[in-house]
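Derivation of every value follows stated rules applied to the coordinates shown; laboratory data play no part. As the structure is a prediction and not an experimental result, all values here were calculated from the model. Here the Cβ is made from the backbone with ideal geometry for all residues, glycine too, and neighbour counts use every protein chain on show.
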Amino acid sequence: MRLNAAVRSEIIHNATKTMIERERALELREQALATRCYEIAMPAKLRQAFELVKELAGGKEYLSTRKEVRFNIAGQGIVLTAKDFLVVSHPYHSWHDNVGKAITLKDNEKLVTEVRQLLADKEQLKKDRAQAETTLKTILKSVGSTESLFKLWPEGKKFYSTPPLTPQVKTGVPAVQMQALNTMLGLSA
């Protein structure tokens, strides 16, 4: 099969899908860390008071809910995302404000280390994905068919040997349309 732009794009997509599992694992770690940080930054009594205000507010939004929360972790402003649940923050806080008290290295060394490791792992995944895409594009530009790709990169066969690879699109115009166009333009009767 000839490699056109659509097939090349599909091969790159198929190959980089393997990184989705790593991405999901990082998201789950981030959610767990966000919850732990929130519980430290916002004391339990304050969280209970927020719940009471929400209940008494009768539908009015005095407290905002967010999926992304900025924490002061060992002096660094770090945004953690909790995609599967909402985090209740201070009333009238803007996006740029830190939530609650600082999470210090002295009191929470293990948590600070885990957050820093998460950030490093997320950055590494981002670099790995970019490098994989660049390498794949280079490989795919050097070959013109899946047969020649197999000779160059047999280990990647599972990404390009099974349907549905994008079928090549026929670009010819049907004769009926050509005849109608010629008639409209006065080129034929």
Next item on the list: Read phi for every residue in the range 7-18 and hand back ³J(HN,Hα) as whole Hz from Karplus 6.51 cos²θ - 1.76 cosθ + 1.60, θ = phi - 60°, with x for Gly and Pro.
Entry: 5, 4, 4, 5, 5, 4, 4, 4, 5, 7, 4, 5
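Take the residue pairs 101/126; 67/101; 45/122; 127/158 and return only those whose Cα atoms are more than 21 Å apart.
Details: 101/126 30 Å; 67/101 19 Å; 45/122 33 Å; 127/158 23 Å.
The pairs that break the limit, which is 21 Å between Cα atoms, are 101/126; 45/122; 127/158.
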Checklist line | Qualifying chymotrypsin sites (Phe, Trp or Tyr not before Pro) in the range 1-80, DSSP loop, other Cβ atoms within 10 Å at most 13 | finding: 62
Item checked: Cβ-derived FRET efficiency at R0 22 Å, residue 135 paired with residue 29, nearest 0.05 -> 0.25
Notebook entry, point to check: If Lys and Arg each add +1 and Asp and Glu each add -1, what is the summed charge of the other residues whose beta carbon sits under 12 Å from the beta carbon of residue 114?
Noted result: +1
Notebook entry, point to check: If the cut-off is 19 Å between C-alpha atoms, which aspartates and glutamates fall inside it for residue 137, apart from same-chain ones fewer than 8 positions away?
Noted result: 10, 128, 147, 155
Next item on the list: Sort out for me the Cα centre separation of the range 1-20 from the range 107-160, rounded to whole Å.
Entry: 13 Å
Next item on the list: Show the residues, 5+ positions off or on another chain, whose built amide H is closer than 5 Å to the amide H of residue 82.
Entry: 68, 69
Checklist line | In sequence order, calculated HN-Hα J values of the range 50-55 (Karplus, 6.51, -1.76, 1.60; Hz; x Gly/Pro) | finding: 4, 4, 5, 4, 4, 5
Check: Short version: ³J(HN,Hα) in whole Hz for each residue of the range 19-30, in order, from phi by Karplus 6.51 cos²θ - 1.76 cosθ + 1.60 (θ = phi - 60°), x for Gly and Pro, what are they?
Finding: 7, 5, 4, 4, 4, 5, 4, 5, 4, 5, 4, 5
